[in-house]
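Below: one structure, written as structure tokens.
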Amino acid sequence: MKTTRNIILGLILVTIGVCLAGDALDLFHFNLFFKGWWTLFLIVPAIIGLCSDKDKKGDLIVLIIGILLLLACRNIINFEIVWKLLLPAIIIVFGLSLIFKNSIDKEVNKNIDKLNKKLDQNNGYTATFSGQDIKIDEEFKGTTLNAIFGGIKLDLRKATIKEDVVINATSVFGGIDIFAPDDVKVKIKSNSIFGGVSNKKDTDVTDKSKTIYINATCIFGGVEVK
């Protein structure tokens, strides 16, 4: 994931450098600070996110906003139309994501539903306007994490995982960090609005490795797996 981001960012920087060099040598005209150049601070990160992030809804919404603002700055459309189109565009993106996500992640959804039926609903942690640091060094059978204007750190690196488990993680204006053991796989289901899940776990696992399913809902918040 990091490699993809670095490659895309590198290509963008190389392109800008070549364009500046061509302008300096009078080979062609290039003005980095064109009308509406500031919209690139929305467009470029969104494009990088679309190529590297698993949950792409937020990136797609930001990209649409950036393109609409750029078109308005270039007098191709007026700003009044931009504001009228924003809400319909966001609704369409979320509608399409629900349609295609359910079909693409069918197996993951099925496994999460199955594991949630076995999960002890009383086994959970909530951080509201506060923080929790949880370390588990015994058998882990899944849990529910709720971070609302707060933060939760769940350390499973010394935990024993004998079967597939699910972690239901909800982050609302908060953050959740999950430290997974090296010998497990991680599969993610994410329903996010201006937030998302980042999986930074990079380990060698086998087909026989147990799986941690992250069932995440992020609203102006995030879940990070390390």
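Taken together, the values in this text are just the output of simple stated rules run on the coordinates, not laboratory data. Every value quoted in this text rests on a predicted model; they were computed, and no experiment measured them. Glycine also receives a Cβ, built like all others from the backbone with ideal geometry; neighbour counts cover every protein chain displayed.
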- Would you kindly state how much longer the chain becomes between residue 79 and residue 24 on full extension, computed as 0.36 nm times their sequence separation minus their alpha carbon distance, in nm to one decimal? 16.4 nm
- Message: Report the rotationally averaged projected area of the stretch 117-226 based on its alpha-carbon convex hull, in square nanometres.
- Response: 6.3
- Among 178, 48, 76, whose mean-square fluctuation peaks in a Gaussian network model of the chain (Cα, cutoff 10 Å)? 76
- Which pairs in the list 117/226; 110/153; 162/185; 118/201; 158/210 are over 19 Å apart, alpha-carbon to alpha-carbon? 117/226; 110/153; 118/201
- Tilt relative to the chain, helix 57-73 - C-alpha long axis, 0 to 90 degrees, to 10: 10
- Query: How far is it, in nm, from the label point at residue 109 to the one at residue 40 when both lie 7 Å from their Cα along the line to the Cβ?
  - Reply: 4.0
- Message: Suppose only helical runs count, i.e. DSSP H with n ≥ 4. What mean residue ellipticity at 222 nm does that imply for the chain under -39500 (n - 2.57) per run, divided by all residues and rounded to the nearest 500 deg cm²/dmol?
- Response: -14000 deg cm²/dmol
- Averaging sequence separations of C-alpha pairs under 8 Å and six or more residues apart, then dividing by the length of the chain, give the relative contact order as a whole percent. 15
- Nearest 10 degrees, 0 to 90: helix 40-52 Cα axis against the chain principal axis: 40
- Item | Förster radius 41 Å - calculated FRET efficiency between residue 122 and residue 15, Cβ distance, rounded to 0.05 | 0.15
- Taking 0.36 nm per intervening residue step and subtracting the Cα-Cα distance, what contour gain separates residue 86 from residue 129 on full extension? 12.3 nm
- Task: Determine, for each peptide in 38-47, 167-176, 7-16, the mean count of other beta carbons within 10 angstrom over its residues, then list the peptides with the highest first.
- Result: 167-176, 38-47, 7-16
- Note on the structure: At 25 °C in a medium of viscosity 0.890 mPa s, the chain has a Stokes-Einstein diffusion coefficient, with Rh taken as the Kirkwood radius over alpha carbon pairs, in µm² per second, of 123
- May I ask for the Rg/Rh ratio of the stretch 104-151, computed from Cα atoms with Rh as the Kirkwood radius, given to two decimals? 1.06
